[in-house]
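Structure first, commentary second.
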Amino acid sequence: MDKFIGTGVAIVTPFRPDSSIDFKSLEKVVEHLINNKVNYLVVLGTTGESVTLNKEEKRAVVDFILEINQNRVPVVVGIGGNNTHEVINQLRSNSFDGIDAILSVAPYYNKPNQEGLFQHYRTIAAASPVPVILYNVPGRTSVNLSADTTLELAHKSNNIIAIKEASGNLDQIIKIVRNKPEGFQVISGDDVLTLPIIAIGGTGVISVLGNAFPAEVSKMVSLSLNSKFEDARKIHFQFTELIDLLFTDGNPAGIKAVLNVMDLISNALRLPLTPVQTATYNKISKLVSERI
């Protein structure tokens, strides 16, 4: 599906100091992204601290973003987990008006084998009223969705259209790109690997950095997709130091610090996450201030 080629952004969920959702700041972030030409929005992902939102808050965030978006760009919503039956219940009970696809993270904590992962995703794909993007992030889930399992899902389910690959394993990603069915998309889940993944045949990124610098990330991705790698590298290298800092004290603490320096949101997270350390914030502030 061409609507997911290019730059997607995993949107943060801004909070007030009392930990309530800051919808005014969320609107600022959404407008910032759309006005700077991102290709699509990803709501309720890891960067959105979705695991700390209750059911009512998740629906409120999705509905609010859909209202602000007004169908200007496609919207992907994170719906996944380690309880397959509960994921199916969510798919059956939610409205999908205005939602173009779901992003479904690999099951975490209970550590299924590859057959369990295959059956989990096959069940979700059969139940989902919209296309499914797989999300492989073994650094968080403690289980890797192998290239073979990804390819089996891609070939056997027409409703599974892409994978957000955040394993950091280029050998694995190359195997997926080389053997995937036509139209199946391989999307970078790591900002630092976006350029090399596109170079081997990936179709874009679901970016964390893009929350703050959507125009620059979108331009770098567009240049890469058009094989203008020399120009793309210039942009990529401008942000490598900042990308490292985004994850020094964990995501989304880093990107929230950046957005705070840019006066878009408060520097607030929900426990068990906390803001970046002062030393990290100061380094981020210096780098961001040099760019704005």
Per the 1/(1 + (r/R0)^6) rule, R0 = 22 Å and r from the Cβ atoms of Thr248 and Leu170, FRET efficiency to 0.05 is 0.45
Give the separation of the Cα centroids, the range 191-228 to the range 81-111, in Å. 26
The chain: longest stretch without exposed GluC sites (Glu not before Pro) (DSSP loop, at most 16 other Cβ within 10 Å), sites themselves excluded? 1-181
Counting only DSSP beta bridges with both residues in the chain, what percent are antiparallel, rounded to the nearest 5? 5
Could you tell me how far the Cα centroid of the range 254-281 sits from the Cα centroid of the range 133-156, in Å? 30
Mean residue ellipticity at 222 nm from the helices of the chain, using -39,500 (n - 2.57) per DSSP H segment of n ≥ 4 over the full residue count, to the nearest 500 deg cm²/dmol? -14000 deg cm²/dmol
Quick check: residue separation of Thr274 and Glu115 times 0.36 nm, minus the Cα distance between them. What number comes out in nm? 53.6 nm
On the principal axes of its Cα set, how long, how wide and how thick is the range 1-149? Give whole Å, largest value first. 43, 38, 29
Options (1) 193; (2) 132; (3) 118 - which one matches volume of the Cα convex hull per residue in Å³ as calculated here: (3)
Close Lys-Lys pairs in the range 211-292, where close means Cα under 24 Å and separation is 8 or more or interchain: 8
Quick note on Arg178, Arg122, ordering by fewest other C-beta atoms within 10 Å, gives Arg178, Arg122
Can you list the DSSP H helices in the chain whose Cα atoms extend at least 15 Å along the helix axis and whose mean Kyte-Doolittle hydropathy is 0.5 or higher? 214-225
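Just so you know, all these numbers are worked out from the coordinates, no wet-lab data involved. Predicted, not measured: the structure shown is a model, and the values here were computed from it. A quick note on method: Cβ atoms are made from the backbone with ideal geometry, for glycine too, and the neighbour counts reach across all protein chains shown.
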